[in-house]
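The values are calculated or read from the model by the stated rules, or taken from the named source; none is laboratory data. As the structure is a computational prediction, the values presented were derived from the model and not from experiment. As a convention, Cβ positions derive from the backbone with ideal geometry for all residues, glycine included, and neighbour counts pool all protein chains shown.
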Amino acid sequence: MTDATAPPAAESPTAARIVAGSASIAVVAGLMVLIGWRLEVGLLKSLLPSFAPMPPDSALCFVLIGGALALSIVRARATRYGSGLLAALVLAAGVVAGFEALLGVQTGATQLFSTWARNPSASDVLRMAPESAFAFALLGGSLLATRAALAQVLASIPLSLAAIALVGFLYGAPPLGLRTYAPMSLFSSLAFLAAASGALFRKPETGFAAALLDPSVAGSELRRLIAPAVGIPLIAAAMVLAIARGQLMSPATEATLLAVSTMAALIGVAFRSYLSLRRAERERLGALSALLASESRFRRTFDNAPIGMAQLSAEGRWLSVNPRLEEMLGYAKEDLLRMTYADVTPLEDL
């Protein structure tokens, strides 16, 4: 793990903007879905007509988690307490929903949210997906965590779950989730990506978040590599999936094509990283050469000056003297370097 460090989100403008943007997306998404269930507007519930809607309890949790994120970047102590309270509610909601899903126990939470929907009979889509419940519980725990490393680990798991669900939607893969429950919806996966990203950058003092915010050459190179690191596997897998569906090649040939294309792409990324690092090294060497040239010019001016010149420490000791000063004071350079300014200055001038 990187040793990069960064200030907390409340003190880092970039991190604060990421958290605020993520909070806004989560709140807007949750409110859209709640309004969609109340008014029975399909697009507000599912974002796209051919996908499953987000349950109203998930929508409310997104509103709460967005509020918790927004309050977490405000310096006032009262707002921090408010953020913790909202995060605790999300944690509790996730635990209750997960308890219902895994043990088949009805706590009444689903029925409570059913009263908000205009069509309360659709109980199969009103239940929170088990993976969503797990993700909400982890997001709530992430916002309650005081240690940056723990907060980032807890936030990275919902981020991964949302990425798996989203990529599954892109490829048409069977969804995760228990058979009797609706899986995480497309709308939920997008909202989780936003909320988890905000939670990841809430405490960017260390870890991956700090590395992404690092203003150095290393941080800049990491940010440039994020896009190909995400895009290359997606494109390679899409190519192999298209070939497999067309039955144009054998499974072994498909695997070979995937391996070779991924290797070629990663080699290209590595070469680009090499070029960036080589350019940074040339800039460093150029700066060092300019510094050495400046030091050489100063030394020539210092040694050949027609007036006495010297460099003194804060305590008045001679650090360097030029030949003209040696002549003026009548001491050799070696003797002066063992003395102080006061040793060669008349008492009335001190």
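Summary table
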{"read-out": "Criterion (touching a residue at least 12 places away in the same chain (Cβ under 8 Å), over 15 Å from Phe192 (Cβ atoms) and part of a helix (DSSP H, G or I)) met by exactly one of Ala88, Ala78, Ala59, Ala68", "value": "Ala88"}
{"read-out": "Tally, over the stretch 315-331, of residues that are in a loop (DSSP other than H, G, I, E, B) and closer than 11 Å to Tyr341 by Cβ", "value": "2"}
{"read-out": "Qualifying residue in the stretch 237-252 (condition: among the basic types (Lys, Arg) and modelled with pLDDT under 80)", "value": "yes"}
{"read-out": "Search result, residues across the stretch 167-192 that are at pLDDT below 85, in a helix (DSSP H, G or I) and not β-branched (Val, Ile, Thr)", "value": "Gly168, Phe169, Leu170, Tyr171"}
{"read-out": "Selected residue [among the hydrophobic types (A, V, I, L, M, F, W, C) and modelled with pLDDT under 70] from Leu277, Leu258, Leu285", "value": "Leu258"}
{"read-out": "From Leu126, Leu112, Leu103, Leu138, residue being surrounded by 19 or more Cβ atoms within 10 Å (Cβ to Cβ) and modelled with pLDDT under 85", "value": "Leu126"}
{"read-out": "Any hit, the stretch 83-92, residues being at pLDDT 90 or above and within 19 Å of Ser185 (Cα to Cα)", "value": "yes"}
{"read-out": "Conditions (1) within 14 Å of the chain's Cα centre (by Cα); (2) at pLDDT 80 or above: number failed by Gly231", "value": "(1)"}
{"read-out": "Within the stretch 19-35, tally of residues that are crowded, with 24+ Cβ neighbours inside 10 Å and of a type outside the set (S, T, N, Q)", "value": "6"}
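Yes/no per residue for (1) at pLDDT 90 or above; (2) within 53 Å of the chain's Cα centre (by Cα); (3) surrounded by 10 or more Cβ atoms within 10 Å (Cβ to Cβ); (4) among the hydrophobic types (A, V, I, L, M, F, W, C):
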residue: Arg299; (1), (2), (3), (4): no, yes, yes, no
residue: Gly316; (1), (2), (3), (4): no, yes, yes, no
residue: Glu326; (1), (2), (3), (4): no, no, yes, no
residue: Gly330; (1), (2), (3), (4): no, no, no, no
residue: Asp335; (1), (2), (3), (4): no, no, yes, no
residue: Arg338; (1), (2), (3), (4): no, no, yes, no
